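Shown next, in structure tokens, is the structure this report addresses.
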Amino acid sequence: MARTAIEFRNVSKQYTNTSQYAVSSVNINIEEGSFVTILGASGSGKTTFLKMVNRIYEPTSGEILFFGESIKNLPIHEYRRKIGYVIQQVGLFPHMTVAENIGTVPKILKWSKEKIAKRVDELLELVALPPHDYKKRYPRQLSGGQQQRVGLARAMAADPSIMLMDEPFGAIDAITRQNLQEELIHIQKKLNKTILFVTHDISEAFRLGDKVVIMREGEIQQFDTTYNIIVKPANDYVAQLIATQDVVQRLKTLKAKSVMLPVDSSISEIAFRVDKEESLHKVLTYFLEHDQNHVLVEEDGRRIVGRITWEQLKVSTKQDKVLSA
Amino acid sequence: MITYLLKYYMQMSTLLLEHLHIVFLSIVISLLLAIPVGLLLTRLKWLSTVVLSFFGVVYSIPSLALFAFLIPIFGLGKITAIVVLVIYNQYILVRNTLTGFASIDPAIIEAGKGMGLSAKQLFLKIQLPLALPIILGGIRIATVSTIGIATIAAVIHAGGLGVLLFDGLRMNYLPKILWGTILSSGLAYFSNQILLSFETKAILKARGEYHDDKNDYDISL
């Protein structure tokens, strides 16, 4: 079992001069290495929830643990340097170059110049901005999408184990957003970071998250895998939220691995293969275009780990019927 | 006029230096007061309105009246002059310090905090360079207005270029009046230009338009 990276113990937050709780009695365990999205409408408390983790806001009551230690007992600046922080407005330092922005935390941590320079190049490569072209630019010379890439690189500079992201792609056009989402999934899988990602976009929440937290009026409605939320919503609110997406949209957010039946990897059948991270939408497209009734699911481009049949796909789209099955 | 210059250039340069002395001291003292007050007020929003309107009212008092008002306390001479100039400058400098820090995008501050910058690092590396253009603008306006008001301080025996002006007026002697005018306005003009060049440089730096190829990874202060 993975370790618990972040734990909320009965955490509530009430802003001064308001009678309502922004976040009330939240208990949650975030496992190390998981990608958790936090979904909610504005005013649901999702941002407050996120910003209590790096102590931008302090909880009114309750306790937050970072790998088992109460964050109140950790020296605040050192603690924050272990957490990557990305916000919607990006907040790049306009008077510093891209390289200086990314190198800010390493510089504070007194890394050598060579090590910082190397790290900057490495991170720029990771976020698909060729270092040679970009490291000497200033933020105003970048497009919105490029700025957020730099924001992401800056947050990862000191190799934090946890990343907090507050609607990072909210102000970015749809095409660029999709690219960034794909790259973020790729980065997360590659580096095995724990990511807490706030969004109000349902398809973004389901596409990115291994698990989704659904929040409403300061309370967690459901915290589960994307698959479980879709097939067994915890209450009417969640069911309604899911229902706003049509079947095709829902299939886009579900991954092959969530419905496949595990099979022996030695299988040598000739059939269409999809990656386990691939969406069910692709599987459906295949079924509709070919006269086949199953596909194989593979991992790392070689190993077969499961299969999906037409029947299973049908079942996964009828959320409530799965419960009784 | 030239004859006057040749004959009295020693006295004139003494008066010019005296003027510079008064202006320099006033600006330094003003800054030592205004910057901390401005910084304090960025944290206390409710107080900033009160303090700024107070300084605004004081700023509207004619200088001659303020000099007269303070003579019973500080006597005739430089001290009263400097006190008055410092009081006037507070309005401009506190206001600009406050505006300078308030104009920084809150997202930049939040990002800096979230990254784990301490209050001191945040101030020196982020806030100060970004607020600097507006603060420098305040210093420039304050310096020019101090050079002007300081001429009036000659009335209370503080010395400076005002001596030339007022003596010339009293004696109805044109060269003196002209030299007083030329020197004080020239001083104001050049101070303005010099400070403006610093300000422009600070603006370019804050916007990320100032290009300096060395120190790639140095976060310049």
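At 0.36 nm per residue, and after removing the present C-alpha to C-alpha distance, how many nm does the segment from B:L64 to B:Y210 gain when stretched out fully? Don't jump to the answer; show the numbers that get you there.
Values: separation 146, 0.36 × 146 = 52.56 nm, distance 4.33 nm.
Length gained between B:L64 and B:Y210: 48.2 nm.
As a quick test, which of the pairs A:K113/A:K255; A:K82/A:K113; A:K46/A:K113; A:K136/A:K282 have an alpha carbon distance above 32 angstrom in this structure?
Working: A:K113/A:K255 43 Å; A:K82/A:K113 20 Å; A:K46/A:K113 38 Å; A:K136/A:K282 41 Å.
Listed pairs above 32 Å: A:K113/A:K255; A:K46/A:K113; A:K136/A:K282.
Per residue of region A:248-253, in order, report the coupling 6.51 cos²θ - 1.76 cosθ + 1.60 (Karplus, θ = phi - 60°) as ³J(HN,Hα) in whole Hz, putting x for Gly and Pro.
Working through the residues one at a time gives 4, 4, 4, 5, 5, 8 Hz.
Note down the net charge around A:H95, summing +1 for each Lys or Arg and -1 for each Asp or Glu among other residues with Cβ under 11 Å from its Cβ. Kindly include the intermediate steps, with their values, before the conclusion.
Values: positive: A:R140, B:K125, B:K205, B:R207; negative: A:E100, B:E209.
Spelling it out: positives minus negatives among the neighbours equals +2.
With r defined as the distance between the Cβ atoms of B:D105 and A:F272 and R0 fixed at 51 Å, what FRET efficiency is calculated, to the nearest 0.05?
Step by step, r from the Cβ atoms, then E = 0.50.
Can you list the HN-Hα couplings for region A:217-232, worked out from phi with the Karplus curve (6.51, -1.76, 1.60; θ = phi - 60°), rounded to whole Hz and with x for Gly and Pro?
Values per residue, Gly and Pro as x: 6, x, 10, 7, 7, 7, 9, 7, 5, 4, 4, 4, 5, 6, 8, 9 Hz.
Which is farthest toward the positive dipole end of the protein assembly as shown among B:S197, A:I172, B:A119, measuring Cα position about the Cα centre, with Cβ charges +1 (Lys, Arg) and -1 (Asp, Glu)?
After comparing all options, I get B:S197.
Go through region B:117-132 residue by residue and turn each phi into a ³J(HN,Hα) via Karplus (6.51, -1.76, 1.60, θ = phi - 60°); whole Hz please, and just put x for glycine and proline.
Working through the residues one at a time gives 6, 6, 4, 5, 5, 4, 5, 6, 8, 10, 5, 4, x, 7, 8, 3 Hz.
Just to confirm a number: summing +1 for Lys and Arg and -1 for Asp and Glu over residues other than B:I152 whose beta-carbon lies under 15 angstrom from that of B:I152, what do you get? Working shown, then result.
On the way: positive: B:K78, B:R170; negative: B:E18, B:D167.
Local net charge: 0.
Kindly express, to the nearest 10 degrees and within the range 0 to 90, the angle between helix A:174-191's C-alpha long axis and the longest C-alpha principal axis of chain A.
It is inclined by approximately 90 degrees.
Mind running the shape call on chain A? Use the C-alpha gyration tensor, a ≥ b ≥ c as the square roots of the eigenvalues: rounded below 1.5 for a/c, prolate if a/b tops b/c, oblate otherwise. Show your work: numbers first, answer last.
Details: a/c = 1.95, a/b = 1.30, b/c = 1.50.
In terms of gyration-tensor shape, oblate.
Express in whole angstrom the spacing between the alpha-carbon centres of region A:257-309 and region B:98-118.
A separation of 49 Å, based on Cα centres.
Please report the projected area of region B:149-214's Cα convex hull averaged over all directions, in nm².
Working: hull surface 25.5 nm².
Mean projected area of the Cα convex hull: 6.4 nm².
Report the label-to-label distance for A:T60 and B:N172 in nanometres (one decimal), using points 7 Å from each Cα along the Cα→Cβ vector.
8.0 nm
For chain B, find the longest principal axis of its Cα atoms and tell me its angle to the long axis of helix B:45-59, 0 to 90°, nearest 10.
Approximately 10 degrees, to the nearest ten.
Where Rh is the Kirkwood radius over the Cα pairs of region A:150-291, the temperature 10 °C and the viscosity 1.306 mPa s, what D in µm²/s does Stokes-Einstein return?
Working: Rh = 17.0 Å.
The estimated diffusion coefficient comes to 94 µm²/s.
Set the Förster distance to 35 Å, then compute FRET efficiency between B:K201 and B:L47 from the Cβ-Cβ distance, nearest 0.05.
Details: r = 33 Å, r/R0 = 0.93.
E(calc), rounded to 0.05, equals 0.60.
By how many nm would the segment from A:Q178 to A:H281 grow when fully extended, if each residue of separation counts as 0.36 nm and the alpha-carbon distance is taken off?
Working: separation 103, 0.36 × 103 = 37.08 nm, distance 1.59 nm.
Once the chain is fully extended between A:Q178 and A:H281, it gains 35.5 nm.
Would you mind working out the magnitude of the charge dipole of the protein assembly as shown relative to its Cα centre, with +1 at each Lys and Arg C-beta and -1 at each Asp and Glu C-beta, to the nearest 20 Debye? Don't skip to the answer; put the middle values down first.
On the way: 58 positive and 49 negative charges, 297 e Å.
Rounded to the nearest 20 debye, it is 1420 debye.
Do any GluC sites (Glu not before Pro) in region A:165-261 lie in a loop, going by DSSP, with at most 16 other beta-carbon atoms within 10 Å of their beta carbon, and if so which?
When the GluC sites (Glu not before Pro) of region A:165-261 are filtered for loop state and at most 16 Cβ neighbours within 10 Å, A:E217 remain.
Could you give the distance between the Cα centres of region A:102-132 and region B:23-59, to the whole Å?
The two parts, judged by their Cα centres, are 41 Å apart.
Dividing the convex hull volume of the alpha carbon atoms of the protein assembly as shown by its residue count, what do you get in Å³ per residue? Walk me through the numbers on the way to the answer.
Values: hull volume 111.1 nm³, N = 546.
Output value, Cα hull per residue: 203 Å³.
Report the percentage of all Cα-Cα pairs in region A:5-129 whose separation exceeds 24 Å, rounded to a whole percent.
Numbers: 3222 of 7750 pairs.
Result for the distance tail: 42 percent.
Is region A:108-192 best put as rounded, prolate or oblate by its Cα gyration tensor, with a ≥ b ≥ c the root eigenvalues, rounded for a/c under 1.5, and otherwise prolate when a/b is larger than b/c, oblate when not?
On the way: a/c = 1.85, a/b = 1.30, b/c = 1.42.
Oblate is the answer for region A:108-192, as a/c is 1.5 or above yet b/c matches or exceeds a/b.
With a ≥ b ≥ c taken as the square roots of the eigenvalues of the C-alpha gyration tensor of region A:50-203, please select rounded if a/c is under 1.5 and otherwise prolate if a/b is larger than b/c or oblate if it is not? Write down the numbers at each step before the final one.
Details: a/c = 1.82, a/b = 1.25, b/c = 1.46.
Cα axes put region A:50-203 in the oblate bin.
Could you pull out every residue, at least 5 positions away or on a different chain, whose amide H is within less than 5 Å of the one on A:F35? Hs are placed 1.01 Å off N in the peptide plane, and Pro or chain starts have none.
A:I195, A:D210, A:K211
Every read-out reported here was derived from the displayed coordinates using simple, explicitly stated rules and does not represent laboratory data. Keep in mind the model is a prediction, meaning the values are calculated, not measured. Cβ: placed from backbone, ideal geometry, glycine included. Neighbour counts: every protein chain shown.
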